[in-house]
Amino acid sequence: LSPSIFKIYNLIQSTEINVPVKYLIYKKTFYTIKINLKKELSEIYDSFDKKSTKYEINCAKKETNNISLKVNCDFSEFANLSRKYYLQKYNISKDISKNLEKYKNFGDLITIYYNNTLISGIFVIKDYPNRIRLLYAYSAYLENPDYKKKSSYLNRYIHWWAIQKYKTEGFMEYDLGGINLDVNSKTYGITKFKLSFGGQICEEYNYLIAKYAKLLKPIYNLKYGDSLEW
């Protein structure tokens, strides 16, 4: 899209993009994990970590009679799940309802239940035929210790189910989203979870572009300083 159509600015995520310097406010590198859906399912599964992902997927398979998955249902329930997640884990109030409404025509919401109790859900952006890109993933904080254990393996099972679904639909990549490679970071546990699916670590870029980049650059420079690539 031409930057001239943007009212103020637009954020683009890409492996690379040719943006005229006059429109570029910043370019920032980040890393993500992608699973090649052009491979055979058996090959994809074989690349999963045996002690975590394979083991927990097998645990879920033993209880398929108690497990149900839904696609593009319960958006409000998923938004409520995310609110509880942020309150209980970070003690902050965050509502993704507006973003879900904005993106729901461009993606899928997949929710997973155990005995009709919502355990977790993921929302993905669909860029056919290139890739499926994970945007949101939340799990319920459940007081029942048995359900907490089930949450662990259902979180992996939901991705395996989605990988099979989108491979069948002809997508080429399943993108698990951004990761932090710093082993000392607080979010490295999420990175380990994503790495356990055996995908490839890829370097990508976030671009912030604007029609009025000359006016906005100094503002972003004051806020972010040398952390950005120009």
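Where a number appears in this text, it was derived from the coordinates with a stated rule and is not lab data. Just so we're clear, the structure is a prediction, and the values are computed from it rather than from any experiment. Cβ placement follows ideal geometry from the backbone for every residue including glycine, while neighbour counts extend to all protein chains displayed.
Taking the Kirkwood radius as Rh and the Cα radius of gyration as Rg, region 110-154 has a ratio of Rg/Rh equal to 1.11.
Taking amide H as placed 1.01 Å from N in the peptide plane, Gly107 has its amide H under 5 Å from the amide H of Lys126, each at least 5 places away in sequence or on another chain. Extents of region 138-211, taken as max minus min of Cα coordinates on every principal axis and listed largest first, are 51, 37, 28 Å.
Hydrodynamic estimate: the Kirkwood radius of region 25-104 over Cα pairs, inserted into Stokes-Einstein at 4 °C and 1.567 mPa s, corresponds to D of 77 µm²/s. Here's the list of aspartates and glutamates a cross-link from Lys38 could span, going by alpha-carbon distance under 14 Å and ignoring same-chain residues fewer than 8 apart: Glu169, Glu173, Asp175. Inter-label distance, Thr187 to Ile92: 1.0 nm, where each label sits 7 Å from its Cα along the C-beta direction. If you plug the beta carbon distance of Asp146 and Asn99 into 1/(1 + (r/R0)^6) with R0 = 35 Å, you get a FRET efficiency near 0.60.
In terms of distances greater than 30 angstrom between alpha carbons, the cross-link table entries Lys84/Lys150; Lys84/Lys126; Lys94/Lys149; Lys50/Lys104; Lys70/Lys102 yield Lys50/Lys104. Working from the Cα coordinates of region 74-203, the gyration tensor eigenvalues give, after taking √(5λ), semi-axes of 22, 19, 16 Å in decreasing order.
Pairs from the table (Lys27/Lys192; Lys28/Lys194; Lys89/Lys148; Lys98/Lys192; Lys62/Lys89) lying more than 24 angstrom apart at Cα are Lys27/Lys192; Lys98/Lys192; Lys62/Lys89.
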